[in-house]
Amino acid sequence: DVKVTQSSRYLVKRTGEKVFLECVQDMDHENMFWYRQDPGLGLRLIYFSYDVKMKEKGDIPEGYSVSREKKERFSLILESASTNQTSMYLCASSDPGQGHEQYFGPGTRLTVT
Amino acid sequence: KQEVTQIPAALSVPEGENLVLNCSFTDSAIYNLQWFRQDPGKGLTSLLLIQSSQREQTSGRLNASLDKSSGRSTLYIAASQPGDSATYLCAVRGTGFQKLVFGTGTRLLVSP
């Protein structure tokens, strides 16, 4: 079974802090994704990566950056957290060899106060 | 721009009923369509993946169909159980390296 893990289930940070969200997948998938999910807005893509050290902006990249130094790990960075970044963050991975089926992690509920 | 719509937004049924969830999309040039389940406060669980060349996929009590020409997919759940209560999301991936476009989901409640 594909397993996608996220470093924290719940996180509380203060405005202005630098926040790191970590995601690890164990199936050697090429592609990794970061989404945020908000009531009434659904899932929105922040960034994705199709290879190590490669990244592409999604729909809402402002205020975020990402890092993919190793194939299995994709990090989302909030350079200076703001209250409007309070959300559920979901990581996913996929691979062309598996028909690009996306597998999601359990999510991180981030609260910025 | 691809748009994905799910109807109904919410559905409440008694245990044992067979039910159908609907998903429609505006651009038929898709690579695949994926159905997910999400429990409150949790991540998404992949249920079924249908490639553009396929008409349906089955897994246990679940059957998903795809009609690209009409821009529709349905998720059929047989003999529903209270444990099926969750939000069901469909998502469409375009051709090329395209992101998934998600519907807004159908919130299902199955009562004992």
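I'd like to check something: does the range B:75-95 contain any residue that is within 26 Å of A:Gly40 (Cα to Cα), without any contact (Cβ under 8 Å) to a residue 40 or more places away in the chain, in a loop (DSSP other than H, G, I, E, B) and polar (S, T, N, Q)? Yes, there is a match, as at least one residue in the range B:75-95 is within 26 Å of A:Gly40 (Cα to Cα), without any contact (Cβ under 8 Å) to a residue 40 or more places away in the chain, in a loop (DSSP other than H, G, I, E, B) and polar (S, T, N, Q).
Considering only residues that are closer than 23 Å to A:Thr111 by Cα and more than 14 Å from chain B (Cβ to nearest Cβ), look in the range A:48-72 and name the one that is surrounded by the most Cβ atoms within 10 Å (Cβ to Cβ). Among them, the one singled out is A:Val66.
If you filter the range B:19-46 down to residues that are among the polar types (S, T, N, Q) and more than 15 Å from the chain's Cα centre (by Cα), you find that the one that is farthest from the other protein chains (Cβ to nearest Cβ) is B:Ser28. Candidates are the residues of the range B:64-87 that are open to solvent by 40 Å² or more (accessible area, probe 1.4 Å) and of a type outside the set (Ser, Thr, Tyr); the one that is farthest from the other protein chains (Cβ to nearest Cβ) is B:Ala79.
If only residues of the range B:88-112 that are out of contact with any Leu (no Cβ under 7 Å at 6 or more places or on another chain) and of a type in the set (S, T, N, Q) are counted, the one that is farthest from the other protein chains (Cβ to nearest Cβ) is B:Ser111. Selection of the range A:78-109 for residues being surrounded by 19 or more Cβ atoms within 10 Å (Cβ to Cβ) and away from chain B (no Cβ under 13 Å) yields A:Leu78, A:Ala81. Against the list (1) under 24 Å from B:Tyr31 (Cβ atoms); (2) assigned to a loop (DSSP other than H, G, I, E, B); (3) in contact with a Ser or Thr (Cβ under 7 Å, 6 or more places away or on another chain), the condition A:Ile60 fails is (3).
The values are calculated or read from the model by the stated rules, or taken from the named source; none is laboratory data. It should be emphasised that the depicted structure is a prediction, and the values quoted were computed from it without experimental measurement. Heads up, the Cβs are rebuilt from the backbone with ideal geometry, glycines too, and the neighbour counts pull from every protein chain shown. Accessible surface areas use protein heavy atoms only, side chains included; no ligands, DNA or RNA. Shrake-Rupley method; radii C 1.70, N 1.55, O 1.52, S 1.80 Å.
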